[in-house]
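**Q** Here it is, the structure, as structure tokens.
The values are calculated or read from the model by the stated rules, or taken from the named source; none is laboratory data. Keep in mind the model is a prediction, meaning the values are calculated, not measured. Counting neighbours? That spans all protein chains shown, and the Cβs are built from the backbone with ideal geometry, glycine included.
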Amino acid sequence: MHQSSYEKMHDFRVRYLAGRASEPLAILDVGAMDLNGSYRPIFDEPAWHYRGADLEPGRNVDLVLAEPYHFKAVESNSLDVVVSGQALEHMSRFWLFFLEVFRCLKPGGLCCVIAPSGGYEHRYPVDCWRFYPDGMRAAAEYARLEVLEARTDWKPATHYIDDSAVWQDSVLVARKPQVSVWRGFKLNLRSSLLRALR
């Protein structure tokens with residue numbers, strides 16, 4: 001993880017989760033393996049239940065996923081927050097990830113996704129994409145998530161001691177809309193069908 005990504009996730013926590021430290025939030029971090037740091041300290045509140053998920057066991061991984069598009073161990077409508085940083089570019093079919101985020105979030109639940117718009121190839125095991133605000137917005141809207149913000153850090157700070165500036169991170173913050181039980185069921189069914197048709 002690079003410094004600018006950590007700062008952007010911390011900014012999400014401050015701006016969108018302020019005043020919620022005493023709520024029992026269920027938080028899932030997808031692509032959470034600790035490679036030079038993790039987001040866990042950002043979400044370290046006694047009432048919060050943070051879990052890190054990744055494709056392999058390792059530091060900061062509580063849940064090993066068979067694929068990044070299906071969180072089988074996570075129930076529908078069970079998460080308050082889904083975060084992911086520097087993982088989306090490694091997902092060959094990233095739009096399926098957003099469908100799964102929709103399925104797992106509670107109505108009103110939030111997601112924050114950070115991914116590069118620039119930088120060099122860094123395969124882990126693949127490196128498929130770069131993201132601009134319009135692309136982030138389109139992916140979220142495909143999954144029926146309500147976009148709260150989508151932006152790119154075109155002129156990143158130069159104070160980072162790592163190579164953070166090269167990535168020019170894009171940030172998406174989106175929310176699962178509040179819908180009736182029946183509408184929520186239909187949207188979750190749509191998400192499951194689209195994922196199955198991949």
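**Q** Among the residues in the stretch 9-17, are any at pLDDT 95 or above, in contact with a Leu (Cβ under 8 Å, 6 or more places away or on another chain), among the β-branched types (V, I, T) and under 26 Å from W167 (Cβ atoms)?
**A** No.
**Q** Still on this structure, I have one more. Just to verify a result, which residue in the stretch 43-55, among those that are of a type outside the set (G, A, S) and assigned to a loop (DSSP other than H, G, I, E, B), is surrounded by the fewest Cβ atoms within 10 Å (Cβ to Cβ)?
**A** This residue is P46.
Residue-by-condition table, conditions (1) among the β-branched types (V, I, T); (2) part of a strand (DSSP E or B):
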residue: R13; (1), (2): no, no
residue: A21; (1), (2): no, no
residue: P24; (1), (2): no, no
residue: L28; (1), (2): no, yes
residue: P41; (1), (2): no, no
residue: V61; (1), (2): yes, no
residue: V82; (1), (2): yes, yes
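**Q** Say whether the condition of being free of Cβ contacts under 8 Å to residues at least 60 places away in the same chain and in contact with a Leu (Cβ under 8 Å, 6 or more places away or on another chain) is met by at least one residue in the stretch 120-131.
**A** yes
**Q** Continuing with this model, one more query. Which residues, counting only those in the stretch 61-85, are within 18 Å of I114 (Cα to Cα) and modelled with pLDDT of 95 or more?
**A** D80, V81, V82, V83, S84, G85
**Q** Within the bounds of the stretch 153-160, is there any residue that is at pLDDT below 95, in contact with a strand residue (DSSP E or B) (Cβ under 6 Å, 6 or more places away or on another chain) and on the phi < 0 side of the Ramachandran plot?
**A** yes
**Q** Something else now. What residue, among those in the stretch 56-73 that are surrounded by 18 or more Cβ atoms within 10 Å (Cβ to Cβ) and out of contact with any helix residue (DSSP H, G or I) (no Cβ under 9 Å at 6 or more places or on another chain), is farthest from E23 (Cα to Cα)?
**A** Applying the filter and picking the extreme gives L65.
This table checks each residue for (1) part of a helix (DSSP H, G or I); (2) buried (at least 17 other Cβ atoms within 10 Å of the Cβ).
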| residue | (1), (2) |
| --- | --- |
| R103 | yes, yes |
| G109 | no, yes |
| V113 | no, yes |
| Y120 | no, no |
| P125 | no, no |
| F131 | no, yes |
| M136 | yes, yes |
| A139 | yes, yes |
